[in-house]
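Trainee: Could you have a look at this structure, given as structure tokens, before my questions?
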Amino acid sequence: MKVNVKRLMFLFITIFIMCMIFYFSSQNADTSSNTSDGFAEFMAKVIYPGFEKLSQARRAEIINDCQFAVRKTAHFSIYGALGVFSCLTMNTYKNLKVWVRNAVSLGACLCYSVSDELHQYFVPGRSCELRDVCIDFCGAAVGTAIVMLIRYTVKKIKERINYEQRTV
């Protein structure tokens with residue numbers, strides 16, 4: 001039996017991303033907030049001119065407002081990466097139709113998102129939210145769509161090159 005190196009590499013990266021998601025979801029509310037506070041503060045400094053000159057109370061309020069966007073963007077992004085690599089893993093199964101590969105990839109991402117939210121339910125200070133499952137799935141869908149778009153573009157370029165070589 002021939003070992004598919006690409007498949008193993010993509011599968012390893014997919015599992016690594018899943019482990020990262022599990023690690024972040026295992027953090028209690030205080031640890032998770034501290035992590036996103038740093039990003040929220042950076043975002044506030046970029047978005048709000050004169051942020052440093054504001055009162056401490058106003059800065060804290062702005063950081064708190066930015067934290068929601070940071071958290072949801074993190075959900076979308078990490079599941080986008082999961083969507084990319086689960087799709088790349090499934091694309092190594094050439095004997096399956098493309099729609100089946102993509103459906104399995106998206107289904108796996110959705111199942112993992114649901115299990116991740118259920119996991120968070122048992123972490124102190126964290127919650128299980130349907131909204132986060134939807135954001136996660138959208139991220140995975142965008143990641144999968146990016147892979148599909150790149151594959152389609154590469155296929156069309158190869159077809160054009162082959163056509164031009166035949167006509168010369």
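The values are calculated or read from the model by the stated rules, or taken from the named source; none is laboratory data. As the structure is a prediction and not an experimental result, all values here were calculated from the model. Cβ sites come from the backbone with ideal geometry, for glycine too, and all protein chains shown count toward neighbours.
Trainee: Six or more apart or on different chains, Cβ under 6 Å: which pairs go from a residue in the stretch 47-72 that's farther than 13 Å from Asp37 by Cβ to one that's part of a helix (DSSP H, G or I) and charged (D, E, K, R)? Could you list them?
Mentor: Phe51/Lys45
Trainee: Has the stretch 122-131 got any residue that is free of Cβ contacts under 8 Å to residues at least 60 places away in the same chain and more than 19 Å from Thr73 (Cα to Cα)?
Mentor: Yes, that holds for at least one residue.
Trainee: A further question on this structure: For the stretch 5-22, does any single residue satisfy the condition of being basic (Lys, Arg), without any contact (Cβ under 8 Å) to a residue 40 or more places away in the chain and assigned to a helix (DSSP H, G or I)? Let's see the steps before the verdict.
Mentor: Of the residues in the stretch 5-22, the ones basic (Lys, Arg) are 6-7.
Restricting the remaining residues to those that are without any contact (Cβ under 8 Å) to a residue 40 or more places away in the chain gives none.
Scanning the stretch 5-22, I find no residue that is basic (Lys, Arg), without any contact (Cβ under 8 Å) to a residue 40 or more places away in the chain and assigned to a helix (DSSP H, G or I), so the answer is no.
Trainee: I've got another one for you. Just one of Tyr121, Tyr79 is on the phi < 0 side of the Ramachandran plot, surrounded by fewer than 16 Cβ atoms within 10 Å (Cβ to Cβ) and touching a Cys at 6+ places or on another chain (Cβ under 9 Å); which is it?
Mentor: Tyr121
Trainee: Let me ask you something else. Between Ala69, Ala60, Ala74, which is loosely packed, with under 15 Cβ neighbours inside 10 Å, aliphatic (A, V, I, L, M) and touching a helix residue (DSSP H, G or I) at 6+ places or on another chain (Cβ under 8 Å)?
Mentor: Ala69
Trainee: Moving on. Considering the stretch 98-116 alone, what residues qualify as being under 14 Å from Gly80 (Cα atoms), touching a residue at least 24 places away in the same chain (Cβ under 8 Å) and of a type outside the set (S, T, N, Q)?
Mentor: Leu106, Cys109, Leu110, Tyr112
Trainee: Exactly one condition in (1) touching a Ser or Thr at 6+ places or on another chain (Cβ under 6 Å); (2) modelled with pLDDT of 95 or more is not met by Phe22; state its number.
Mentor: Here Phe22 clears every test but (1).
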